[in-house]
1. Note down all Cβ pairs under 7 Å where the first residue falls in the stretch 275-295 and is within 16 Å of Thr216 (Cα to Cα), the second is open to solvent by 30 Å² or more (accessible area, probe 1.4 Å) and assigned to a helix (DSSP H, G or I), and they're at least six residues apart or on different chains.
2. Take the conditions surrounded by 16 or more Cβ atoms within 10 Å (Cβ to Cβ), at pLDDT 95 or above, touching a strand residue (DSSP E or B) at 6+ places or on another chain (Cβ under 6 Å) and not aromatic (Phe, Trp, Tyr) and apply them to Val34. Does it pass?
3. Please give the number of the condition Gly62 fails out of (1) under 30 Å from Ser295 (Cα atoms); (2) surrounded by 14 or more Cβ atoms within 10 Å (Cβ to Cβ).
4. Is the stretch 318-326 home to any residue that is within 22 Å of Thr210 (Cβ to Cβ), part of a loop (DSSP other than H, G, I, E, B) and basic (Lys, Arg)?
5. Return the residues of the stretch 309-362 that are over 25 Å from Glu280 (Cα atoms) and charged (D, E, K, R); say none if nothing qualifies.
6. Of the residues that make up the stretch 285-301, is at least one assigned to a helix (DSSP H, G or I) and modelled with pLDDT under 85?
7. Please give the helices (runs of 4 or more DSSP H) falling wholly within the stretch 46-121 in which 3 or more residues are in contact (Cβ under 8 Å) with a residue 60 or more places away in the chain, farther than 26 Å from Thr133 by Cβ and over 29 Å from the mean Cα position of the chain (by Cα).
8. Of all residues in the stretch 317-335, count the ones that are within 14 Å of Leu206 (Cα to Cα) and modelled with pLDDT under 90.
Amino acid sequence: MGTRALVVHPRLKTRDDASADSVRDPEARLEEAVGLTSAIDLLSVHAEVVTVNKPRPGSLLGGGQIERIAQMVEALEIEVVVVDRPLTPVQQRNLEKELDAKVIDRTQLILEIFGARARTHEGRLQVDLASLTFQRSRLVRSWTHLERQRGGGGFLGGPGERQLEIDRRLIDDKIIRIRRELEEVKRTRELHRGARRRVPYPIVALVGYTNAGKSTLFNRLSGASVVAEDLLFATLDPTMRRIEVPGGRTIILSDTVGFISDLPTHLVAAFRATLEEVTEADVVVHVRDISHPDSNAQKADVVGVLAGLGIDETTRSGRMLEVLNKIDRLPDDQRIAVKQRAGSGNEPVAAVSAITGEGIGELTSAIAQLLGVNDQVCTFTLDLSDGAAIAWLYAHGEVVERTDDAEGSAAVSVRLSVADADRFEKRFGSSIRHRAS
């Protein structure tokens, strides 16, 4: 039996927060918070939305609300109270005192999930860096037990000052060490990118809100078996597979970490090296859970993170494909409308169900079409005896037309990327009798 938890989503009614809260459905936010809680094996015994008309600096919630929640904590034997908002150290400490239970906020909850899910060395380093940065920001005000440590070093040194400085220095030393290790990982990643550019296969990166179905879609497209559960942040570490899309083109498909609203800035900074894989991608596939009530708000969150990585409105043009996933969960009339939108050709959109496979063919064709925007049709005249050159063209491009003559030559018209056309000429230049574009 897991640790018993109570989940509270404070719905703020203040003018400053009205715009943010009005975009999202409070019940959907609460459901998401429960999902995050379950992701670290906490047992959600009770969950509710609490309307906060005026946030209190010392506790966020009002006195009456705290008293009512404290009664539930005692009656339901709650051990952890999850508040689906960032809390200041003072608010967290006061709530723990009033509720007589451990209190964690949204930031700590997400950090816990990332800490539990990171599998690779890089992933663990990134989570450690984010956690230490978060701890350091709260060191002085939240570690009240250090006040019992007597400081020294002169008449200005107050209670606990020396111990606080020691702890801060220890954290700083760890942060410096982790950043050095991450720099080494980043250099290694750059070498891998360089190797891929030399191959090179186009990179297609899947991005999206957590639990939008990226890993399920990745498995469907690649035949892989990446962990894909109905669970927030089921996978953190990026995974890559080589697949083939219509036209015979080979691509590298990359599955990345899911995004989420109010993602802690410490995590965004720590995972920036991983997310830079997205900036290198030739095509970015934004996977959306079109059946979710907050689908539009989730899209805005993802677009915001991408903009922070330098992928904004201008750079997304011609390289972004929106995938409306989970159409199998929609009522018939909505599913038809979504598929009609995707099939109109007015925007780069595909409607799919990663679970059933519906629309996958149209998706791979859309990816191939985006990748082929700058392709050119070249005609090479080759000796029929040069099977290696002819086979290379079939493997790397889309053969549009081929004419063999009695003199032992073949005129092959093939659609190639500019890079592949240059690569073919460098490799098989001596075999080419004639080239026309």
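1. Matching pairs, first to second residue: Arg288/Lys299; Ser291/Arg329.
2. Criteria not met by Val34.
3. (1)
4. yes
5. Lys326, Asp328, Arg329, Asp332, Asp333, Arg335, Lys339, Arg341, Glu358
6. Taking every residue of the stretch 285-301 in turn, none turns out to be assigned to a helix (DSSP H, G or I) and modelled with pLDDT under 85.
7. On the way: elements: 63-75, 89-99, 106-117.
Per the criteria, 63-75.
8. Residues that pass the stated criteria total 2.
The values are calculated or read from the model by the stated rules, or taken from the named source; none is laboratory data. Since the structure is predicted, the reported quantities are computational estimates derived from the model, not experimental observations. No Cβ is skipped: glycine too gets one built from the backbone with ideal geometry, and neighbour counts run over all protein chains shown. SASA here: full protein model, heavy atoms, side chains in, ligands and nucleic acids out. Shrake-Rupley method; radii C 1.70, N 1.55, O 1.52, S 1.80 Å.
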